[in-house]
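The values are calculated or read from the model by the stated rules, or taken from the named source; none is laboratory data. Every value quoted in this text rests on a predicted model; they were computed, and no experiment measured them. Cβ atoms come from the backbone with ideal geometry, glycine included; neighbour counts cover every protein chain shown.
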Amino acid sequence: MKIDPWSSTTYQDYARLRDEFGIQEFSEDLWRDLPHPHRLLRRGVVFGHRGFDRIHDAIQNKKPWAILTGLMPSGRMHLGHKMVIDEVLYYQSLGADIFIAVADIEAYATRGFTLEQTKDLAIQEYILNYIALGMDLTKCHLYFQSKHQDVKDLAFLLGKKVNWSQMVATYGFEGSTNMAHIFSPLVQTGDILHVQLKKFGGIRPTLVPVGVDQDPHIRLSRDIAQAHRLYNVTVTKDDKIGVFVKVDTQVKELLDAAEKLLYDHRFTDLKRITEYKAIYLPHATEEDITVLDEALARIEPSFQGYGFLQPASTYHRFITGLTGDKMSSSKPESAIFLTDSPQEAKKKIMNAKTGGAVSLEEQKKSGGKPDECMIYELFLYHLIEDDNELHTVYDSCKKGQLMCGNCKKRAADLMERFLLDLQEKRKNALEQIKDYL
């Protein structure tokens, strides 16, 4: 399988994606004890993760942590894009420090938009809707990639640890790919990792919630973060846990600092072998690795290192378009846009593909297929908050007690209420955004 962040491919076999790309399952133990778990978490819409355990620990123990999310202003904002903001708003309520990148460099490099066009799209289609959905920009760090010098500088500096072969293997770049396109993933790595620079809050766990099509960016960022570390805490071939210095300069000083830190963490039975650039911990467990890794990361800046922790990520399923394909800004009939009028949205919903049978008689006899229904997905992802109510819809459809026409009408009514409310909030957001900008 190949994942292309810039394609319109629809991914359906999420278990296979997890297996082939090493994505971990987002199991119930990761969300069950979170405060008021969000519907996208508890309903399995978020299906996978990389390193969310570290975020879970930060939430549970009220440690500082951050979220980096982004928007590429190359089309209108639709319900698929809204899912990420729903997650971000939830995590902000749990204490996350929110960073929002407007990926105008990426839109310029990969979609052919000018920077002026991307600015207008970002404000009118995304930022206004973010505010209307409940985002308080005064409590966020929102920026345009093209205007953020620290992000661009970091992208250039981090690129020292990436070669052409890795970029080709990750993205499938060819000889005809333009250099701005090739550089844009490094800018995104700058987006993701700059939130751990001292001036932006310092070293801390960072979460990037995305659709699975963005996993190549996550893998690149995690690889680059690890490549720039000065220390590595790992299990050796003979099942020992060791702290290793990865560089060839300041080895003694780095080992001295690590040894002091380990003593402070009560690892007094350590064995240091300077010529191996290693300190072995005979009685440490794998549970100690994350704690020690974070502690060592925080002393790396004193040795001119970054100390970046590998960013965590979660992956949500794509909401299916109303036509049965991927919901896409380039296919207006497939998507409900947040700037659609209630009349436009209703028309699209009434024409949407469903999981119903070929006739009323057949549906009453054999039942419908909510798992294949675009209308049920609207309920699941966006329109019905109560899980018991959602289960009733699902069960009634399966048993042939609920007809598609009734479901469509209910979805249209709920969508109308949502869009009317959003329209009013967008009007109020206009004044807020003028002040903010």
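Observations, loosely collected:
- Residue check for SER359: free of Cβ contacts under 8 Å to residues at least 12 places away in the same chain and either at positive phi or more than 34 Å from the chain's Cα centre (by Cα) (or both): yes
- Top-ranked residue of the stretch 61-74 - restricted to ones that are touching a strand residue (DSSP E or B) at 6+ places or on another chain (Cβ under 9 Å) and in a loop (DSSP other than H, G, I, E, B), ranked as surrounded by the fewest Cβ atoms within 10 Å (Cβ to Cβ): PRO64
- Of residues in the stretch 370-400 being in contact (Cβ under 8 Å) with a residue 24 or more places away in the chain and either among the hydroxyl-bearing types (Ser, Thr, Tyr) or not in a helix (DSSP H, G or I) (or both), the one nearest to PRO37 (Cα to Cα): GLU385
- Of the residues examined, GLU294 is not one that is at pLDDT below 95, in a helix (DSSP H, G or I) and within 34 Å of the chain's Cα centre (by Cα).
- Against the test of being assigned to a strand (DSSP E or B) and touching a Ser or Thr at 6+ places or on another chain (Cβ under 6 Å), the options PRO216, PRO209 yield a single qualifying residue, PRO209.
- Residue that is nearest to the chain's Cα centre (by Cα), among those in the stretch 333-351 that are crowded, with 16+ Cβ neighbours inside 10 Å and in a helix (DSSP H, G or I): SER334
- Here LYS152, LYS119, LYS160 are screened, and the one residue that is free of Cβ contacts under 8 Å to residues at least 12 places away in the same chain and not assigned by TED's automatic domain parsing to the domain that holds SER341 is LYS160.
- Test: LEU121 is within 15 Å of LEU71 (Cα to Cα) and either out of contact with any Asp or Glu (no Cβ under 9 Å at 6 or more places or on another chain) or among the hydrophobic types (A, V, I, L, M, F, W, C) (or both): yes
- Flag for ALA357 being in contact with a helix residue (DSSP H, G or I) (Cβ under 6 Å, 6 or more places away or on another chain), modelled with pLDDT under 95 and not in a helix (DSSP H, G or I): yes
- Filtered residues of the stretch 24-60 (kept if without any contact (Cβ under 8 Å) to a residue 60 or more places away in the chain, part of a loop (DSSP other than H, G, I, E, B) and touching a Gly at 6+ places or on another chain (Cβ under 8 Å)): none
- Test: residue in the stretch 81-103 that is closer than 19 Å to ALA429 by Cα, of a type in the set (Ser, Thr, Tyr), assigned by TED's automatic domain parsing to the domain that holds ILE218 and in a helix (DSSP H, G or I): no
- In the stretch 223-241, the residues that are among the acidic types (Asp, Glu) and not assigned by TED's automatic domain parsing to the domain that holds ILE192: ASP238, ASP239
- Under the condition of being in contact with a Leu (Cβ under 7 Å, 6 or more places away or on another chain) and over 24 Å from LEU309 (Cβ atoms), the residues counted in the stretch 49-73 number 1.
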